[in-house]
Every structure is written in C-alpha cells, then in structure tokens.
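This report refers to the structure that appears directly beneath it.
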Amino acid sequence: MADRFRWRQLPARQPFTVLLATVTFVLLVATQMESTPWGTLVFAVAMTTVYLSGVVAHRNNPRVFRLAVVIAVVAVPMSWSALFAHSTPLNVGQALAVILFCGMTAVMVLLAVVRFSKIQTDQAIVGAICVYLLIGLTWAMVYQLIEIIDPESFAFHARRTVDHGAGSRTSFSQLTYLSFVTLSTLGYGDISPRTTLAETACWVEATVGQLYLAILVARLVSIMPARPEDQ
C-alpha cells in the first residue's frame with residue numbers, strides 16, 4: 001500500500017520542469033503563431049499542456065489537485081471549442097479559466113518554493129521562474145478580458161489585431177508584451193491604460209512584480225549554503 005502512494009512524496013523536479021516548458025511554449029511559440037492559420041490550434045494545444053502539467057504539479061496537495069482538475073476539465077474544452085465557435089461569452093469564459101488556473105498555480109508553486117529545503121535549491125529556482133512566467137501569463141489574460149469588456153481600455157502606438165470570428169481584437173502577443181513590460185516596470189509607454197479598470201490592473205501587476213522579486217531574493221539568500229568562515 002505504501003508503494004502505491006510513494007509518488008506523492010517524490011520531488012517536484014519533473015512537474016516543475018514540464019510546467020516551465022509548457023508555459024514557455026505558450027509565451028514564446030504560441031504567441032508568434034497567433035496570426036497564422038494554425039494559430040488557434042497551436043494555442044489550444046499549448047494551453048492544454050499547461051493545464052495538464054499544472055494539474056500534475058499540484059499532486060501533493062489533494063484539495064488543490066481536485067480543484068485544478070475541475071478547472072482543467074472545464075477549461076480544456078473551452079480552448080478547443082475556439083477552433084469551431086466564436087462568441088464573446090466563450091472568450092470571456094476562456095480568459096477567466098486561464099486567469100483562475102494560472103493564478104492558482106502560481107500561488108501554489110510559490111508556496112512550494114518558499115518551503116523548499118537547502119538540498120532543493122535547483123528546484124526552487126525552476127519553480128521561481130515558473131511563478132514569474134505564470135504571473136505574466138495571468139495578467140496578459142486579465143488585459144484581454146478587460147479589452148473584451150471595453151475595447152477602448154488601452155491606447156496603442158501601433159495596435160496589432162487578430163480576427164477571432166466574433167470580431168477583431170488586440171493580438172495576445174501584444175497583450176503579453178504589455179504584461180511583462182508592466183510586471184518588470186520597464187514602462188516603454190507605447191501601450192497605456194485609458195480606463196480606471198485598466199489603470200488599476202496595471203499598477204496592481206507592477207506592485208505584484210516588485211513584491212515577488214523581493215520575496216524571491218530573500219528566499220534564495222536564505223537557502224544559499226553558508227560559507228565555511230561563517231559557520
């Protein structure tokens with residue numbers, strides 16, 4: 001009986017690595033192919049892998065694992081239905097599913113990172129990168145949801161649009177760019193919020209990014225092996 005549940009005590013090396021790979025695929029590959037005929041299919045495949053790898057990453061927490069499964073069961077069909085149907089409610093549902101799942105996954109991975117022992121420093125680093133990318137992906141979807149609610153929420157120096165059947169909207173790659181520029185507080189100024197909701201989302205993301213980096217640096221310093229002269 002003990003052997004059946006031994007996998008629950010295994011290190012999170014593979015799930016965190018796979019999760020990092022899938023999120024990176026969404027951000028670097030799926031966004032580049034958005035304007036191609038295969039863009040929707042690639043995005044659906046990419047998000048499906050994120051959901052699956054995220055569910056596996058939650059395997060050591062039964063309650064979160066069950067919640068992740070429920071969200072994934074709802075979200076995966078939404079991602080694939082975008083291949084055949086286009087509507088505003090479907091776009092809103094898909095955005096909410098990504099926000100909820102990726103946001104929850106980022107929080108749980110962060111909790112795992114801050115609890116890692118010194119012998120798992122490499123896993124803490126992989127998990128920390130996952131969290132940062134998940135935050136950026138989550139807020140990119142937040143911006144997409146805001147723009148669905150009000151198409152005039154953002155001002156663009158050069159707006160790129162993609163036709164999604166229910167009308168054109170700003171390309172997800174451009175909203176991803178906005179998200180990470182805001183998260184890192186670079187502030188190039190080529191995209192700016194125009195409504196109260198958009199402004200609030202931007203300053204909250206910038207604040208989260210700075211707090212996260214502060215927590216991350218403090219944690220990585222705490223798990224660094226002490227120098228011999230300090231012992």
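The values are calculated or read from the model by the stated rules, or taken from the named source; none is laboratory data. On a predicted model such as this, the values are computed, not experimentally measured, just so you know. Neighbour counts run over all protein chains shown; Cβ positions are idealised from the backbone, glycine included.
Against the conditions (1) surrounded by 17 or more Cβ atoms within 10 Å (Cβ to Cβ); (2) within 15 Å of the chain's Cα centre (by Cα), where does Thr40 fall short? Just the number, please.
All conditions are met except number (2).
Search segment 165-201 for residues being surrounded by 13 or more Cβ atoms within 10 Å (Cβ to Cβ) and of a type in the set (Phe, Trp, Tyr), and hand back the single one that is farthest from Glu34 (Cα to Cα).
Checking each candidate, the answer is Phe180.
Within segment 50-93, which residues are surrounded by fewer than 16 Cβ atoms within 10 Å (Cβ to Cβ), part of a helix (DSSP H, G or I) and among the polar types (S, T, N, Q)?
Ser81, Thr88
Consider only pairs whose beta carbons are under 7 Å apart and that are at least six residues apart or on different chains; among these, list those whose first residue lies in segment 47-62 and is within 16 Å of Gly103 (Cα to Cα) and without any contact (Cβ under 8 Å) to a residue 24 or more places away in the chain and whose second residue is of a type outside the set (S, T, N, Q) and surrounded by fewer than 16 Cβ atoms within 10 Å (Cβ to Cβ).
Close Cβ pairs (under 7 Å, with a partner that is of a type outside the set (S, T, N, Q) and surrounded by fewer than 16 Cβ atoms within 10 Å (Cβ to Cβ)) amount to Val55/Val69.
For Glu34, which of the numbered conditions (1) surrounded by 15 or more Cβ atoms within 10 Å (Cβ to Cβ); (2) at pLDDT 90 or above; (3) not in a helix (DSSP H, G or I) fails to hold?
Status for Glu34: all satisfied but (2).
Taking the options Leu133, Leu145, name whichever one is closer than 28 Å to Met108 by Cα and either outside any helix (DSSP H, G or I) or without any contact (Cβ under 8 Å) to a residue 60 or more places away in the chain (or both).
Values: Leu133 fails: either outside any helix (DSSP H, G or I) or without any contact (Cβ under 8 Å) to a residue 60 or more places away in the chain (or both).
Selected residue: Leu145, the only one of Leu133, Leu145 that is closer than 28 Å to Met108 by Cα and either outside any helix (DSSP H, G or I) or without any contact (Cβ under 8 Å) to a residue 60 or more places away in the chain (or both).
With respect to Ser153, is the statement that it is closer than 24 Å to Leu90 by Cα and out of contact with any Ser or Thr (no Cβ under 6 Å at 6 or more places or on another chain) true?
On the way: closer than 24 Å to Leu90 by Cα: yes; out of contact with any Ser or Thr (no Cβ under 6 Å at 6 or more places or on another chain): no.
So Ser153 does not fit the description; no.
For Val162, are the conditions met, namely being in contact with a strand residue (DSSP E or B) (Cβ under 7 Å, 6 or more places away or on another chain), over 15 Å from Thr196 (Cα atoms), surrounded by 15 or more Cβ atoms within 10 Å (Cβ to Cβ) and of a type outside the set (Ser, Thr, Tyr)?
On the way: in contact with a strand residue (DSSP E or B) (Cβ under 7 Å, 6 or more places away or on another chain): yes; over 15 Å from Thr196 (Cα atoms): yes; surrounded by 15 or more Cβ atoms within 10 Å (Cβ to Cβ): yes; of a type outside the set (Ser, Thr, Tyr): yes.
Yes: the conditions hold for Val162.
Within the set of pairs 6 or more residues apart or between chains, which connect a residue that is in contact (Cβ under 8 Å) with a residue 40 or more places away in the chain and among the basic types (Lys, Arg) inside segment 186-197 to a residue that is loosely packed, with under 13 Cβ neighbours inside 10 Å and part of a loop (DSSP other than H, G, I, E, B) with Cβ atoms less than 9 Å apart?
Here the result reads Arg194/Asp150; Arg194/Glu152, each pair linking segment 186-197 to a residue that is loosely packed, with under 13 Cβ neighbours inside 10 Å and part of a loop (DSSP other than H, G, I, E, B).
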